[in-house]
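Remarks on the structure that follows.
The values are calculated or read from the model by the stated rules, or taken from the named source; none is laboratory data. Model, not experiment: these values are computed from the prediction. FYI the Cβ positions are ideal-geometry reconstructions off the backbone, even for glycines, and counts take in every protein chain you see. Protein only, heavy atoms only, side chains kept; ligands, DNA and RNA dropped before computing areas. Shrake-Rupley method; radii C 1.70, N 1.55, O 1.52, S 1.80 Å.
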Amino acid sequence: AVLGSSVPVAGGLSSSSALVIAVALALLHANHLAESPLALAERMAAAERYVGLQGGGMDQAICLGAQAGTASRVDFRPLRLTPLLVPPGWRIVVASSLTRAEKSGAAKERYNRRTQECREALERVRVHLGYDLESREAAPGYRELLAAHQSAELLEAGGAVLADPVLRRYRH
């Protein structure tokens with residue numbers, strides 16, 4: 001295969017995710033196979049994790065599930081996309097900041113550390129709030145915590161058991 005692109009290297013435009021998706025679609029087509037877009041998005045996110053980048057799968061889901069004229073809300077476990085209409089007068093501009101968004105070498109390690117810090121924060125707050133982490137159903141994710149608790153309570157819980165930089169990841 002030969003690839004050509006005008007996307008700036010390390011431009012922060014999810015080009016690695018787009019490339020993984022494009023190759024997967026080409027291989028599926030060449031082998032007369034089919035897979036649902038969201039199942040393929042999950043597999044391709046796992047493929048990027050396999051090579052060491054601990055992303056969550058949002059980029060792959062958008063590559064396969066975006067709809068013209070909409071923005072998408074992405075939910076995980078299970079992966080779902082909800083299209084949200086963009087008002088007709090709105091315009092979205094994608095512009096290069098000319099700042100490289102490296103995700104290899106030391107930058108990959110920092111990116112992966114942030115992902116791990118988010119998981120660590122969630123687990124420590126769940127323990128602090130008394131959730132049983134042995135039972136998968138009893139161990140809610142961020143969305144479920146927000147539905148079950150007031151924001152102030154969650155911020156207080158985070159402040160009680162987390163220190164920077166993990167506290168900043170949790171608050172974000």
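Between R110 and L85, the contour length at 0.36 nm per residue exceeds the alpha carbon distance by 5.5 nm.
A Förster radius of 30 Å combined with the Cβ-Cβ distance from T99 to R77 puts the calculated FRET efficiency at roughly 0.40. The Cβ shell under 12 Å around L27 holds other residues with a net charge of 0, Lys and Arg each +1, Asp and Glu each -1. Take region 1-92 with all the other protein chains still there, run a 1.4 Å probe, and you get 69 Å² of accessible area per residue. The residue list S96, A157, N31 was ranked by how far each Cα lies along the charge dipole of the chain toward its positive end, using unit charges on Cβ atoms, and S96 comes out on top.
Close amide H pairs (under 5 Å, H built 1.01 Å from N) link T70 with V86, residues at least 5 positions away or on another chain. When +1 charges are put on Lys and Arg Cβ atoms and -1 charges on Asp and Glu Cβ atoms, the dipole computed for the chain relative to its Cα centre reaches about 440 debye. For the chain, a Gaussian network of Cα nodes joined below 10 Å ranks S15, S72, S36 by mean-square fluctuation, and the top entry is S36. Phi angles across region 33-49 convert, under the Karplus curve 6.51 cos²θ - 1.76 cosθ + 1.60 with θ = phi - 60°, into 3J(HN,Hα) values of 10, 9, 8, 5, x, 6, 5, 5, 4, 5, 5, 6, 5, 5, 5, 5, 5 Hz, Gly and Pro given as x. Once you have a ≥ b ≥ c as the square roots of the Cα gyration tensor eigenvalues for the chain, tell me rounded if a/c is under 1.5, and otherwise prolate or oblate according to whether a/b is larger than b/c. Here the chain falls in the prolate category.
For region 123-172, rounded, prolate or oblate, judged on the Cα gyration tensor with a ≥ b ≥ c (square roots of eigenvalues), a/c < 1.5 rounded, else prolate if a/b > b/c?
Since a/c reaches 1.5 and a/b is larger than b/c, the shape of region 123-172 is classed as prolate.
The distance linking region 117-133 with region 18-55 is 31 Å (Cα centroid to Cα centroid, whole angstrom).
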